[in-house]
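Colleague: There's a structure below that I have some questions on.
Nothing in this text is a laboratory measurement; each read-out follows from the coordinates by a stated rule. Here the structure is a predicted model, which is why all the values come from computation and not from measurement. When we count neighbours, we look across all protein chains shown, and the Cβ atoms used for this are built from the backbone with ideal geometry, even at glycine.
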Amino acid sequence: MRAAVPSARLGLAVLGASVVGVVLLSVAGRLLGPAQDWRPEPYVAPPLTDRPPPPVDTGSAPSDGDAEHGVVREDISVPVRGDELAATVFAPDAPGSYPAVAFVHGAGAGDRSSFFGLAERFARAGIVAVAYDKRSDYSYFDNRDFDQLAEDASAVVAVMRDRSDVDPERAGLWGLSEGGRVVPLAASRDSGVAFVVTVGGAIRGPLRNTAWSVYEGLAAAGAPAGAGRLAVRILGGGHLFTLHLDPPTGVWAGVGQPALVIYGTNDYLVPPAESSRHIVDDLRRGGNTAHAVRFFDGADHGLRRDGDYAPGYVRTVTDWITGLPGSAAAAAPVAGPLPVQRYATTPVPRTPWYGGTPGLIATVLLTVVGALVVPAIVRRRLPAGAGECAAVLRSSRRAMRAGIAAYAVMWAYVGLTIGLGYTRNGGELLFQVGWGLVRAAGLLAVVAGAAAGAALLTARRHGWAPEGAQQVLLASHGAVAALMVLSVAYWGVFEPRW
């Protein structure tokens with residue numbers, strides 16, 4: 001067919017419409033987004049000490065923390081409210097009155113066997129160590145009752161205190177990650193808990209910690225700020241059950257027992273600087289002077305480095321426990337290299353319903369219907385022949401596919417950024433180029449939509465009017481294309497800031 005306007009003018013019209021479309025989509029993204037936009041805040045709290053802390057004693061042997069004691073193992077059960085917990089005790093194989101410690105799980109199912117290796121090393125160092133299963137009705141998503149978990153931990157300590165080989169004045173708790181939320185609750189309510197050790201203790205809720213970890217990791221790798229904001233906004237759709245809730249503040253202020261606070265400097269699941277600062281401030285506010293903080297260089301959330309526990313970690317804990325009560329006062333307040341933290345943890349705003357899981361499911365279902373189901377039904381009813389109809393439908397189909405491609409590229413990049421940011425992998429080039437591809441795909445979708453609109457208007461000027469099945473197919477293509485670019489706009493792809 002012959003164009004109603006010269007191709008150059010048509011191209012300028014498409015370009016102009018694309019520019020206007022990008023501007024409108026940028027505004028739409030801002031309007032559709034959460035009422036409170038997330039912005040990273042620099043971490044500005046002072047370090048725990050003004051002077052360089054002394055190094056942690058890393059020991060001198062590969063068997064660091066092991067001693068001369070043989071080990072005897074015993075399976076027991078601990079009655080608790082509404083349940084009975086299976087537990088395994090590792091004790092020194094020699095008569096005596098030893099300190100005791102119970103291992104409190106972090107998030108997740110919590111099988112006691114995960115602590116067997118550590119419990120045996122503690123027993124060899126002269127500590128009665130018990131690993132126990134979490135209660136059977138615990139659920140990470142819909143039954144994270146920390147009061148109940150603290151009550152369970154106290155029940156385990158009570159059973160240990162009744163043992164003939166345990167000094168009842170030296171039976172305490174060791175908590176990993178979210179176990180660091182359980183042990184201060186138990187200690188603040190139960191004077192029978194003689195001490196607490198927290199390793200990688202979580203102070204904030206899972207969603208807030210995850211957002212910090214991803215953004216901190218991306219910033220360290222040189223990723224664009226827009227990519228970090230996109231990742232955190234995506235995480236804002238994860239306001240599921242109680243994962244977005246922070247624990248109550250001030251719990252550690254109620255802990256008067258000796259406390260040992262331990263973090264690895266490469267802890268990517270919780271911020272070691274902010275978390276340790278929070279715990280120490282609470283302990284001091286409550287008047288607790290019998291506390292110590294230890295940082296282990298290069299150690300991860302579980303205090304591992306290169307697959308094994310960080311040098312000196314086991315010895316630090318066992319020496320501190322076996323040396324109580326004297327070790328609580330004699331220990332240096334802070335030791336080990338201070339962790340570096342760029343950004344503070346900040347609450348993640350809740351996304352509107354269409355930005356969360358329900359909206360994502362609805363978007364995918366509508367796309368499948370509009371891009372596959374409707375065309376499959378309608379295409380058989382299209383009139384034979386080419387001409388205006390075929391050209392317009394090809395153009396609308398390209399716009400739809402370009403929108404779907406932009407949406408898919410964005411989600412692929414989101415998965416990449418969250419995964420690599422969380423694990424501190426990936427480099428600046430990867431993140432920058434990927435972000436550029438996401439934005440380019442969004443722009444191409446807008447251009448394809450503008451071109452489809454121009455093709456339809458041109459055909460209408462020539463007197464063509466879609467009928468029946470043609471109208472349905474054009475509407476289906478257009479609806480999917482619009483849904484895709486609006487979805488991409490919602491996630492901030494068209495924002496002017498890089």
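Colleague: At a Förster distance of 25 Å, what's the computed FRET efficiency of Ala332 paired with Asp308, Cβ-Cβ distance as r, to 0.05?
Modeller: Working: r = 25 Å, r/R0 = 0.99.
The pair Ala332/Asp308 has a calculated efficiency of 0.50.
Colleague: Hey, another quick one. So if I restrict to the alpha-carbon atoms in region 178-295, what is the Rg, and what is Dmax, the biggest pairwise distance, in Å?
Modeller: In Å, with Rg to one decimal and Dmax whole: 15.8, 51.
Colleague: How large is the charge dipole for region 400-498, taken about the Cα centre, if only the Cβ atoms of Lys, Arg (+1) and Asp, Glu (-1) carry charge, to the nearest 20 debye?
Modeller: On the way: 6 positive and 3 negative charges, 19 e Å.
In total the dipole reaches around 100 debye.
Colleague: To continue, here is another question. What Kirkwood Rh does region 376-439 have if only Cα atoms enter the pairwise 1/r average? Answer in Å.
Modeller: On the way: mean 1/r = 0.0682 Å⁻¹.
This gives a value of 14.7 Å.
Colleague: Hey, another quick one. On each of the three principal axes of the Cα atoms of region 267-421, give max minus min coordinate, whole Å, ordered largest first.
Modeller: 92, 35, 24
Colleague: To continue, here is another question. Just the projected area, averaged over all directions, of the convex hull on the alpha carbon atoms of region 324-387: how many nm²? It would help to have the intermediate numbers written out before the result.
Modeller: Details: hull surface 49.3 nm².
That works out to 12.3 nm², a quarter of the Cα hull's surface.
Colleague: Ok, one more. With the Cα gyration tensor of the chain in hand, give its eigenvalues times 5 under a square root as the equivalent ellipsoid semi-axes, listed largest first in whole angstrom.
Modeller: Values: eigenvalues 722, 107, 62 Å².
Largest first, the chain gives 60, 23, 18 Å.
Colleague: Quick one: helix 357-368 against the long Cα principal axis of the chain, what's the angle to the nearest 10°, folded into 0 to 90?
Modeller: 30 degrees
Colleague: Okay, next question. For the charge dipole of the chain, defined by +1 on Lys and Arg C-beta atoms and -1 on Asp and Glu C-beta atoms about the Cα centroid, which residue among Gly336, Pro358, Asn209 has the Cα displaced farthest towards the positive pole?
Modeller: Of the candidates, Pro358 comes out farthest on the positive side.
Colleague: Taking the dipole about the Cα centre of the chain, with the C-beta of Lys and Arg at +1 and of Asp and Glu at -1, give me whichever of Ala186, Leu457, Gly108 is farthest to the positive side.
Modeller: Leu457
Colleague: I'd like the orientation of helix 7-32 relative to the chain: the angle between its Cα long axis and the longest Cα principal axis, in ° from 0 to 90, rounded to 10.
Modeller: 30 degrees
Colleague: Which residues make up the longest stretch of the chain clear of GluC sites (Glu not before Pro) that lie in a DSSP loop with no more than 16 other Cβ atoms within 10 Å, not counting the sites?
Modeller: On the way: sites that count: Glu68, Glu467.
Excluding the exposed sites themselves, the longest stretch runs over 69-466.
Colleague: Let me have the 222 nm mean residue ellipticity of the chain computed from DSSP H runs of 4+ only, each contributing -39500 (n - 2.57), with the sum over all residues rounded to the nearest 500. Before the final figure, lay out each step's value.
Modeller: Numbers: 14 runs with 227 residues, N = 498.
Calculated from helices alone, the mean residue ellipticity at 222 nm is -15000 deg cm²/dmol.
Colleague: Quick check on region 283-343: take the gyration tensor over C-alpha atoms, sort the square-rooted eigenvalues as a ≥ b ≥ c, and tell me if it's rounded (a/c under 1.5), prolate or oblate.
Modeller: Details: a/c = 2.71, a/b = 1.30, b/c = 2.09.
The shape class here is oblate.
Colleague: How long are the semi-axes of the ellipsoid equivalent to region 99-203, from square roots of 5 times the Cα gyration tensor eigenvalues, in whole Å, largest first?
Modeller: Numbers: eigenvalues 88, 45, 28 Å².
Semi-axes from the Cα gyration tensor: 21, 15, 12 Å.
Colleague: Roughly what angle does helix 179-189 make with the longest principal axis of the chain, taking Cα atoms, 0 to 90 degrees, to the nearest 10?
Modeller: 50 degrees
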